[in-house]
Structures are given as structure tokens and as C-alpha cells.
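Right, one structure below, let's go through it.
The values are calculated or read from the model by the stated rules, or taken from the named source; none is laboratory data. Predicted model, so just to flag it, every value in this text is computed and none were measured. We work out accessible area using only protein heavy atoms, side chains counted, and drop any ligands, DNA or RNA first. Shrake-Rupley method; radii C 1.70, N 1.55, O 1.52, S 1.80 Å.
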Amino acid sequence: MNTQRKIQDELALATADAARRIAGVAFLRPGIVDRLRASAASRAGRPGGGTAAGNSGVRVRPLDGGPEVWHIDIQLVARASHRALDVTRAVRAAVGAAAEDVLSEPGDRVRITVTVVGIV
């Protein structure tokens, strides 16, 4: 596995975990790609859903600025008992801290997008 892919996977898992811990987050919303991967994994007889089970609702990709620039996109469903704005701010801070822990190089930069796609 190449270094960039390893960092991408570590970022996805760490940031998904950080986002789930926020009080107002009901769950992270898997996208269609996550669902297709989970479906393919189950048909192939692999346990779990791979990406869909571990970090669904999180997309991590390198930006054009170079391999040390990352975009983290979080899609979540918030709890109605919490203000969506407060939830997104808390998730953004937690994800930023988690990304900082994974990215040890001082030049590494992260752009974080948090989208509330529903409220329950």
C-alpha cells in the first residue's frame, strides 16, 4: 500500500471516529459509493462492510495543491435536540484535531467540509 493511500485510510477512520463522538451526531450518512462497496463486500463473502462499516459518511481525498493537502468531507445526520450549527462546529473542531494527530508533517494542510443531511 502506498504512503498516500495509507494516510488517506488513517484520516478517514480517525475523523469518522472523532465525528461520531460528538453529542449532537446521530450517525454519519453513507453515500452511494459506501453502500455499493458494502454490498459488493457482502456478496464476496467478506465480513463487515469495509469502508462502509468503518468510515461511511466520510470522504478523504488529496487536493490539487499536492499530496500534503487534504479535503475531508463529512456528511451526518444531527439530533433534533441539538442546534445543527453547534454540531457542525464541534464536528469540524474534532475532525481537525483528529486529522492533526494523523498528519505529523508540519506542512500538511486540511480543508474540512461538514454537511448536515438530515435531522432526527
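Show Glu105, Glu68 ordered by accessible area, largest first, where the area counts protein heavy atoms only and the probe is 1.4 Å. Show your work: numbers first, answer last.
Working: Glu105 115, Glu68 65 Å².
The ordering from most to least exposed comes out as Glu105, Glu68.
Ordering Arg89, Arg111 from largest to smallest accessible area (1.4 angstrom probe), what's the sequence? Can you show the working numbers first?
Values: Arg89 145, Arg111 125 Å².
Putting Arg89, Arg111 in descending order of accessible area: Arg89, Arg111.
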Report the gain in length on full extension from Val69 to Ala84: 0.36 nm times residue separation, minus Cα-Cα distance, nm rounded to one decimal.
2.7 nm
Rounded to the nearest 10 Å², the accessible area of Asp17 using a 1.4 Å probe with every protein chain kept is 60
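Extension gain Arg111-Arg21, at 0.36 nm per residue separation less the Cα-Cα distance, in nm? Don't skip to the answer; put the middle values down first.
Values: separation 90, 0.36 × 90 = 32.40 nm, distance 2.01 nm.
Stretched fully, the Arg111-Arg21 segment lengthens by 30.4 nm.
Can you put Thr15, Thr3, Thr88 in order of accessible area, largest first, using a 1.4 Å probe? Walk me through the numbers before you get to the answer.
Values: Thr15 0, Thr3 100, Thr88 30 Å².
Accessible-area ranking of Thr15, Thr3, Thr88, largest first: Thr3, Thr88, Thr15.
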